[in-house]
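Input: a single structure, listed below in structure tokens.
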Amino acid sequence: MKDKRMTLKEAVSRFVKPGDNVGIGGFVNIRQPIATCHEMIRQGFKDLTLSFQSAGMAPELLAGAMMARPDHCSIKRIELAYWGHEAFGLAQAWRYLTERSMIEFEDWSNHNMSARFKAGAMGLPFIPSRGPLGGDIKNTSRTKIMDCPFTGRPIALLPASHPNVALIHVQAADMYGNCIIRGTDATCAEIAMASAHTIVTCEQLVSHELIVSEPKDVMIPFPAVDAVVHVPFGAYPGACRRHYYFNGDAIREFVGNIAPMVKGGSADGLKAWYDANVFGVETFADYIEKFSNKKLIADQLAEAYHCERLA
Amino acid sequence: MTVSTDYTAQEIIVVAGAKILENNKIVFVGTGLPMVASLLAIFTHAPGLIPVFEAGAVGPPLKHGLPISVGDSKTFTGASYVKGLNAAFELTQRGYADYGFIGGAEVDMYGNLNSTMMGDFPAGYNKPKVRLPGSGGAADMAASCERTILIVPHDKKKFNQKVSYVTSPGYLDGSPDARYKAGMQGKGPYRVITTKGIFDFEEKTKRMRILNTFPGETIASIQENTGFELLVAPNVTEFPAPTVEEVRLIREVVDPNGVFVKRAAK
């Protein structure tokens, strides 16, 4: 096993290339790879495809960067089930890019995308699913409907998804890339296994001995991982089980910079946000420092209350 | 039971949704008002309701209150089975979910639901008038839950002869066995709850039918605000206005921060 610890700067410059298909972990605004997205925006990216089931801030940040700095950041295509923020509102960048026909996209459902990553993780070219039968997803995606050779009934076949690089945030990892996930597994293990490379950011970087003390807790095994980066608050202002709950105000504030642009407003507010929070800082830790300690502790306490346990 | 005089359109939807849920059933709960209604059901007549959330939590007691997201910690703490999306949808595809409880922006007379886009389809798929978030898990719930319960705000423009995009299939074109022939399982939509009433689907034609009118509405007023011809059940009754206690539970216990149930302007 190899020590895969490195800085986020190094991980992104080594593993995210122009034209890559990027698999995004987490679920809506839970355990999204926010810190990695910030670093990608700082470095710039070109012609990416984004693949995810349900996502919120990760694509919103990447797409917002394309809206604010099209010379520096561009997304070509999105394969997804849902892009929004649930209680915190619609994904305004999603509206902006689609309603102006600025990107290609392929609609799937949550199970479709999760099953596509699972097929990729299993090393199989496709997977059968009932999800797309009946509705229009089968008409706007690469779904194939066939009669099952065993039952004779119609079944949908979904193509495997194999991202070039997976962006995954977890609660704990060791230096080799063995990962522990708490709360929802989302589809993170499948995305990591399906992808050619995986960048893992973690709240806690722990010893190998501790990780393997409960080996069945290891959700992502070391061979699937290429970079391990210790980034506390790496999913913030989204939530991360056992660590912090949502900062809804910060999510709404960021999306609020994009909303006026959907109706034709200027990009000035959005540009200023990126200048202050991404381009104007060196690391994600500098961005986190902008929040008050009081707020960060409040979000940690809210989460501690949801998962009451002895330290 | 004192009747509330200041309940909102969302609050009567929540009360209706809660009352439709039966105790001890397994309900696959979508985000938004379905979560609020499920929690109200648990606090009232259905303490044994078993919610399933697509992020992978099965049967949480929801003791920490209303989740902001179907995947947040509140849906996982105390759950009996804790996995990820594939596990939740696989058990649904296997037929374990009695009900799927979902919301949408647009619906047709056969209960086909749209949460993908508004505009001209298929020509305008790549340049929609309004782009919505997308299926999430709704298409999977519609294809595999035993029955589905739909929440759609009632609006003539949103109750259409034809929806822009069928995200979550209902009875398709209403022809006999259409769902089975398409390869789906489950009986299809069971109830539609709107801001004006509760609807079911007539057994033979699979067409949407008025079952209950909400206070202040009549069969005629509902039909007037619907873009297709509704059928009318033999004994349409008025759904009772929420009680003061039900409204108090929603405002003070279930969604005290107004996360999904918006407060009426004073």
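Structure above, values below:
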| read-out | value |
| --- | --- |
| Set B:Ala241, B:Ala233: member being more than 14 Å from every other protein chain (Cβ to nearest Cβ), assigned to a loop (DSSP other than H, G, I, E, B) and surrounded by 14 or more Cβ atoms within 10 Å (Cβ to Cβ) | B:Ala241 |
| Test: residue in region B:87-106 that is of a type in the set (Gly, Ala, Ser) and closer than 28 Å to A:Arg242 by Cα | yes |
| Extreme residue, farthest from the other protein chains (Cβ to nearest Cβ), among residues of region B:121-147 that are assigned to a loop (DSSP other than H, G, I, E, B) and of a type in the set (Gly, Ala, Ser) | B:Ala123 |
| Filter result (of a type in the set (S, T, N, Q) and either surrounded by fewer than 24 Cβ atoms within 10 Å (Cβ to Cβ) or within 19 Å of B:Asp200 (Cβ to Cβ) (or both)) within region B:14-43 | B:Asn23, B:Asn24 |
| Whichever residue in region B:148-164 is in a loop (DSSP other than H, G, I, E, B) and touching a Leu at 6+ places or on another chain (Cβ under 9 Å) and, among such residues, is nearest to the other protein chains (Cβ to nearest Cβ) | B:Val163 |
| Residues satisfying the stated conditions in region B:189-204, i.e. within 14 Å of another protein chain (Cβ to nearest Cβ) and surrounded by fewer than 24 Cβ atoms within 10 Å (Cβ to Cβ) | none |
| Residues of region A:52-90 satisfying the condition of being over 20 Å from A:Cys188 (Cα atoms) and either among the aliphatic types (A, V, I, L, M) or not assigned by TED's automatic domain parsing to the domain that holds A:Cys37 (or both) | A:Ala63, A:Ala65, A:Met66, A:Met67, A:Ala68, A:Ile75, A:Ala87, A:Leu90 |
| Enumeration of residues in region A:133-164 that are in a loop (DSSP other than H, G, I, E, B) and within 7 Å of another protein chain (Cβ to nearest Cβ) | A:Leu133, A:Gly134, A:Gly135, A:Asp136, A:Arg153 |
| Tabulated pairs, region A:44-69, first under 21 Å from A:Trp273 (Cα atoms), second modelled with pLDDT of 95 or more and charged (D, E, K, R), C-beta under 6 angstrom, 6+ apart or interchain | A:Ala68/A:Lys271 |
| Filtered residues of region A:3-31 (kept if in a loop (DSSP other than H, G, I, E, B), of a type outside the set (A, V, I, L, M) and closer than 20 Å to A:Met175 by Cα) | A:Asp3, A:Lys4, A:Thr7, A:Gly25, A:Arg31 |
| Every residue from region B:81-120 that is more than 9 Å from chain A (Cβ to nearest Cβ), over 14 Å from the mean Cα position of the chain (by Cα) and buried (at least 21 other Cβ atoms within 10 Å of the Cβ) | B:Ala97, B:Asp108, B:Met109, B:Tyr110 |
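The values are calculated or read from the model by the stated rules, or taken from the named source; none is laboratory data. Fair warning: this is a prediction, and the values are worked out from it, not measured in the lab. In this analysis, Cβ positions are derived from the backbone assuming ideal geometry, glycine residues included, and neighbour counts consider all displayed protein chains.
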